[in-house]
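What follows is a short report on a single structure.
Please treat every number below as a calculation from the coordinates, not as lab data. Nothing here was measured: the structure is a model prediction, and the numbers come from that model. Here the Cβ positions follow ideal geometry from the backbone for every residue, glycine too, while neighbour counts run over all protein chains shown.
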Amino acid sequence: MACCRVDRTGRHPGGPGGSEPEKEDKSGVSTIDDVKPIPVTIGGVRGGPAVRTLRRDPWWKSPAFTFVVLTLFVAYTVWAVFQNADYFVGLSQHRDLISPLYSPCIVGSCVPGSHGSFLVLHWWMLTPALIGLSGPGLFRSTCYYYRKAYYRSFWQSPPGCAVADGHKRYTGESRFPLILQNIHRYAWYVAIAWNVILTIDAIMAYRLPGDGGIGVSVGSLVLTANAAALWMYSLSCHACRHVTGGHVNEFSKAPIRHRLWKVVSKLNAIHMQFAWISLFVVVIADAYVRMVAAGWFTDPKLF
Amino acid sequence: MADGLTAGPGAGELETHDFDVVVIGAGGAGLRAAVEAKERGLRTALVCKSLLGKAHTVMAEGGAAAAMGNVWSEDNWQVHFRDTMRGGKMLNNWRMAQLHAQESPDRIYELERWGALFDRTPDGRILQRDFGGHRYARLAHVGDRTGLELIRTLQQRAVSLGIEVFMECKILRLHKDSEGRVSAAVGYWRPTGGFVAFTGKAFVLATGSIGKSWKYTSNSWESTGDGHAMALWAGADMIDMECVQFHPTGMVWPLSVRGILVTEGVRGDGGVLRNSEGRRFMFDYIPPMFAAETADSEAEGDRWYDDHTNNRRPPELLPRDEVARSINSEVKAGRGSPHGGVFLDIASRRSAEYIRRRLPSMYHQFKELAGVDITAEAMEVGPTCHYVMGGIRVNADTEATTVPGLFACGEVAGGMHGSNRLGGNSLSDLLVFGRRAGMAAADYAEGRTGTPTVDAAESRKVVSEALAPFARDSGESPYDIHRDLQETMQSLVGIIRTESELVQAAGELDKLAERADAVAVSGGRAYNPGWNLATDLPSMLAVSRLVTTGALERRESRGGHTRDDYPKPDPEFGKVNLVQRLDEQGRLTLSPEPLPQMPPELAALFEEPAASPAPAPGKEGH
Amino acid sequence: MADVTMRVWRGDSAGGDFADYTMPAVEGEVVLDVLHRIQAGPAPDLACRWNCKAGKCGSCSAEINGMPRLMCMTRMDELPTEEPVVVAPMKTFPIVRDLVTDVSFNYVMARQLPPLKPKAPEADGTYRMQQVDVERGQEFRKCIECFLCQDVCHVIRDHEENKPNYAGPRLFIRYMELESHPLDTNDRRELLRQRMGIGLCNITKCCTEVCPEHIKITDNAIIPLKERVVDGSYDPIAWLGRKIMRRTKRSAAEVAQDAPAFTAPTSEDRLERQTVPVAVGAAVGAGNPAAASAGPGAGPSEPAGGTGPTAAGDPFGTDAGA
């Protein structure tokens, strides 16, 4: 296509047609090497009244709700972890259902049948859920969404937008221990590994030993929903968005990663919803397995 | 302290900053000029009335016209030049139009190197869009926020170069040295009310528009014509000040959207104009020369939208000035809407779904800003002041005004756009002539001898004049005078002018000037908008006077200037600029002076007939 | 219609209080319209910034009923009218007068930003970029610099002492725009980590909530920047990738040398050197002597090492398509 290279007066010395370097100006900033700190004046008098907030809408509702739900979740999880029983439905009930909190069961304290041949930590006699929870727990607690949720509702930093921070000093995630939030990327790698394990658990749940061999029970569907929710949660993660394509600067030269990035970006927009859904589904799955294991009822076979 | 002038001003106490080049105004043109001067290694100051990056340039939506030929390889500067001249009804300074057409592509590419992200063609070049009056798709753009992209890019460039920016500083007057060269600019800090002077070897005015003298305007509060007025007072020539661009349909109500332009697309998609009696009055105003191609019944007009071949266009789609004239007549006949416009009704004629699909940005803008649902109710629209083509007379190559040491670029300079500006040409105008002004100012500053100083007596006079409103115990509020000025200019020197009204306006301006001399303000000097407005009034009155005088003299209709009593262009007026300047006694004089003559090779461009059915010149939309 | 009462903050650095103005309600108004009527009536000296009155310039930022918003984009009919409408200045910045604040902090941070450093152009002197490559940056360039995100950010709103080392959300989107710019060859990650406070942000998303341009500041800029900093500083796999690809990164020490720590001046220091009105008047230039003297010695120089433009933030090395 013929472009616009016409006889033209007044061409800028650094303009198109030459790649000569920019005229450098001594007082300017061109690269990171030129950056010099400019003092920022602090301590100026601010306007407005000295109140915590001028908001009159019920801004506290959302953090309060988050506080209650997350507290309940933690309380349930702690109870479930230290109960150290009723987390596996095995051969005796013609099922192979394991609570997601206790998977993978690879320690010495695991109940027979729950660990296949992967018993690696023979010496570990505490509750196996400490292992089972380690990966997902790390992932969830460093999740960008949950960080927002608990910084607001638990740490009050800030409790709401334009509502005063609950703390005098603040260093954010720039110092120990919160600088460790940067491990979220690895937590994501780990979570992916866990998702694989929990997916295997879900597949195994379709084995109904002594009950027709292979079939569909409520329990198998619950564990499938659990694995699916966890996949959606971890695939919509911000770290996932970055490693699949967010790091690319020229999408046009990386079409596959661009396509992946677009898909993950769509999921990422509803990461919060996946975070909550997967949280509830895990609790439901654990509770279901627990109730069946405790013998409250038997896991109904659907077909 | 800077505001220590209260106890009797003296130059010794005046806060003073010395630079090589002082640029007044930080819109696109001012920023580009400052960047150029700074890149030349000169000490450059950028002084602006608002915060950096808030200038009216952000409002430009359409794009920046440049014949890059990225979409149509046939496009070149000659075609752009011809479009510009035709759009301006040949009243343009041909050399400016030529330089503009030749250099704008490089100015656009330059922005890209500084970080602008224009929309792209499939092969990765800068995408260009069609616009009224341009033969080829020529406007480099970023969605509908090209102006923001432009000003942000230049702002970031200016900041990274380390240009010193003096924000929220209003310049009141320019001072000249004994040799008649501009040597200082005196003004005040809006935050503190303290007075300040900038001495410099060269000054660039880039203060933009004058729209705030009209009631309905798309311009921001800053567009008070300070640069026009300061240049006039400093002895510069002003040309063609009567050429002011109005858009026929800007919102007049509700207040929250007043001045926002309603694109012609609303009429193109079925919107009709009605008066207070509900009548589609445009059928009463079909001029004979358009009668053959315009529907004469509502039924035919309505059929046209679906069947262009067998029906004639509805009269709502007549040329801009015809629509404006009709609206003007209805309002003056007392059949206007409650707030001085007419009704633009698309709601009763098209489904809500259709309107939302065809006019999404219009729909959302009014919904969000005013809660007005254009799918449910009619809009109140009227002629709205948008742009001034006239301005300070400058040398086409250097943007030097007739006052030594003073340069002007952007909207404050005249000549480039003739009597009417094409959409998209203003943004490229800023870049091309901003750079040229910066270069020429730098040259001038380098060659200038002597040290510019502030004249103590003169600055004392400026300061005491500016502070006078505080001293008056009784007097009118500046807001009242401003409102009356706007009413006067809107109703008498608006889109359609006529001799009797212009004469009346001249009389009204005399009275307003008297009232402005007795204006009183209360409160302190720190960030006092009432006082700030009082200091803007002299500029607004001066430019209103220039427009009125020019409009009275130009007894023809041409481009943005429409005289009801002289509805046709007059070839004799087409050969002259109306030049206004102050004489020795400080009286305003006006003289027609011949336009610069185009060289034969450029004149030849206008001999071949326009081959393509180019859209009607005129800046519809934005 | 009934009357509306506006409770507007009046005052300056010496103190202030709310003042009530009761005005007749007019249909279809925004908060700024009512303030203009107050100016033209009972309080001609009521100070507020505004320019375009169409949500495009970002001048009229304030806190309306406690929420940071643009006054020109807040319709009166969406606010409860049974109580006065409270209009206060932005809290994070020093007061100038009434609703006007000294926002020079933002301009100072902008001044320390390494701008675009484009790679060499095509043979014809222009650049080629695909629409997909510019779209991400275009979202950030919608920013109208209203500074509401800076105002709402608790890192500096509630902790003044963080200001010298915190660029803030507005600048973070600018950093992201440049870091992901297809032509850029600068690497600003260490600057972000050490001096511009990317680690201070705890992603509580208030900036995104108040953005009038609906820019997804947190999701699309701050978190991606944090991830890019992770690439550079915290990711062993990326580190391994760099080792294998023999790419080097400027060491923290090198960067720190360029950007030494400094003590933030307090307002007392500021008063001492205030021979010119610093307030907003000369925010970028004259108010900051250091700005003017930042130059000498800062000549043209290439970043150390061979940190290529595409290497920035690419833990996987070069893409097959690149």
Problem - Compactness of region B:359-427, expressed as Rg and Dmax over alpha-carbon positions, Å - result: 18.8, 57
Exercise for the section: Determine, for A:I98, B:I151, the number of other Cβ atoms within 10 Å of each Cβ, and report the residues in order from fewest to most. Expected result: B:I151, A:I98
Problem - Two-decimal ratio, region B:458-571, of alpha-carbon radius of gyration to 2.2 N^0.38 Å - result: 1.27
Fill in the blank from the handout: The long-range amide H neighbours of B:H175, using H built 1.01 Å from N in the peptide plane and a cut-off of under 5 Å, are B:S183, B:A184, B:A185, B:V186
Fill in the blank from the handout: Karplus ³J(HN,Hα) for region B:448-456 (6.51 cos²θ - 1.76 cosθ + 1.60, θ = phi - 60°; Hz, whole; x = Gly/Pro) runs 7, 9, x, 9, x, 10, 9, 7, 4
Handout entry: Pairwise label distance in nanometres, A:F118 with B:S348, each label 7 Å out on the Cα-Cβ vector
Key = 7.3
Problem - Computed FRET value (nearest 0.05) for B:D302 with B:H339, which takes r as the C-beta separation and R₀ as 30 Å - result: 0.60
Exercise for the section: Would you kindly derive the ³J(HN,Hα) couplings of region C:99-106 from the backbone phi angles with the Karplus curve 6.51 cos²θ - 1.76 cosθ + 1.60 (θ = phi - 60°), listing them in order in whole Hz, with x for Gly and Pro? Expected result: 9, 9, 10, 8, 9, 4, 3, 5
Fill in the blank from the handout: Partner shielding of B:45-55, as the mean number of partner chain Cβ atoms within 10 Å, equals 5
Fill in the blank from the handout: Given the candidates C:M90, C:I64, C:P80, the one whose Cα lies deepest towards the positive end of the charge dipole of region C:3-97, counting +1 at each Lys or Arg C-beta and -1 at each Asp or Glu C-beta, is C:M90
Exercise for the section: At a Cα cut-off below 21 Å, give the lysines reachable from B:K568, other chains included and same-chain residues fewer than 8 away excluded. Expected result: B:K89, B:K619
Completion exercise
For chain B, the longest principal axis of the Cα atoms and the Cα long axis of helix B:360-370 enclose an angle in degrees, to the nearest 10, of 60
Practice task
Let me have the 222 nm mean residue ellipticity of chain B computed from DSSP H runs of 4+ only, each contributing -39500 (n - 2.57), with the sum over all residues rounded to the nearest 500.
Solution key: -11000 deg cm²/dmol
Exercise for the section: Would you mind computing, in nm to one decimal, how far apart the modelled labels at B:M289 and B:K568 are, each placed 7 Å from Cα along Cα→Cβ? Expected result: 0.8
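Quick one: dipole size for region B:368-496, taken about the Cα centre, charges +1 on Lys/Arg Cβ and -1 on Asp/Glu Cβ, in debye to the nearest 20. Kindly include the intermediate steps, with their values, before the conclusion.
On the way: 9 positive and 18 negative charges, 131 e Å.
The calculation lands at about 620 debye.
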Completion exercise
Expected sort for B:518-526, A:69-77, B:375-383 on mean C-beta neighbours within 10 Å, highest first, is B:375-383, B:518-526, A:69-77
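Can you sort B:V342, B:V79, A:V45 so the residue with the fewest Cβ neighbours within 10 Å comes first?
Working: B:V342 28, B:V79 22, A:V45 14.
Ranked by crowding around the Cβ, least crowded first: A:V45, B:V79, B:V342.
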Handout entry: Highest average packing first - C:32-39, B:535-542, Cβ atoms within 10 Å
Key = B:535-542, C:32-39
Completion exercise
Taking the dipole of region A:64-293 about the Cα centre (Lys, Arg +1; Asp, Glu -1; charges at Cβ), the one of A:Y206, A:I179, A:I192 that reaches farthest to the positive side is A:I179
Problem - Test item: Cα-centred dipole of region B:458-571, Lys/Arg +1 and Asp/Glu -1 on Cβ, debye - result: 320
Exercise for the section: Take the Cα radius of gyration of the protein assembly as shown and divide it by 2.2 N^0.38 Å, with N its residue count; two decimals is plenty. Expected result: 1.00
Completion exercise
When B:H100, B:H228, B:H386, C:H159 are arranged by how many other beta-carbons sit within 10 Å of their Cβ, fewest first, they go C:H159, B:H386, B:H100, B:H228
Problem - Hull-based mean projected area of region A:64-293, where the convex hull spans the alpha carbons, in square nanometres - result: 15.3
Practice task
Summarise the partner chain shielding of C:32-39 as one whole number: the mean count of Cβ atoms from other chains within 10 Å of each residue's Cβ.
Solution key: 3
Problem - Extent along principal axes [Cα atoms of chain B; Å; largest to smallest] - result: 77, 59, 47
Practice task
Have a look at the DSSP beta bridges in the protein assembly as shown and tell me what percent are antiparallel, nearest 5.
Solution key: 70
Practice task
Collect residues whose amide H, placed 1.01 Å from N in the peptide plane, falls under 5 Å from the amide H of B:F166; neighbours closer than 5 in sequence don't count.
Solution key: B:L46, B:V47, B:C48
Practice task
Can you run the Rg to Rh ratio on region C:56-132? Use alpha carbon positions and the Kirkwood inverse-distance Rh.
Solution key: 1.24
Exercise for the section: Classify region B:493-540 as rounded, prolate or oblate, taking a ≥ b ≥ c as the square roots of the eigenvalues of its Cα gyration tensor: rounded when a/c is under 1.5, otherwise prolate if a/b is larger than b/c and oblate if not. Expected result: prolate
Completion exercise
In this structure, among B:K54/C:K117; A:K262/C:K119; B:K38/C:K53; C:K53/C:K91, pairs with alpha-carbon gaps over 30 Å are B:K38/C:K53
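So what's the convex hull volume per residue for the Cα atoms of region C:3-97, in Å³?
So the per-residue hull volume is 96 Å³.
Using mean Cβ contacts within 10 Å as the protection proxy, how do B:22-35, C:132-145 order, highest first? Display every interim value, and only then the final one.
Numbers: B:22-35: 32.6, C:132-145: 20.9.
The packing order, highest mean first, is B:22-35, C:132-145.
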Problem - Principal-axis tilt of helix A:129-141 within chain A, Cα atoms, nearest 10 degrees - result: 20
Problem - Whichever lysines have a C-alpha closer than 17 Å to that of A:K61, once near sequence neighbours (fewer than 8 apart) are set aside - result: A:K148, C:K205
Exercise for the section: Mind checking C:184-190 for the average number of partner chain beta-carbons within 10 Å of each residue's beta-carbon? Expected result: 2
Problem - Using θ = phi - 60° and Karplus 6.51 cos²θ - 1.76 cosθ + 1.60, couplings along region B:418-424 (whole Hz; Gly, Pro as x) - result: x, 9, 7, 9, 7, x, x
Problem - Point-charge dipole on Cβ atoms (K/R +1, D/E -1) for region A:64-293, about Cα centre, debye to 20 - result: 920
Completion exercise
Taking only the alpha-carbon atoms of region B:211-259, the convex hull volume per residue, in cubic angstrom, is 69
Handout entry: Under-5 Å amide H pairs with B:T192, H placed in peptide plane, nonlocal only
Key = B:Y527
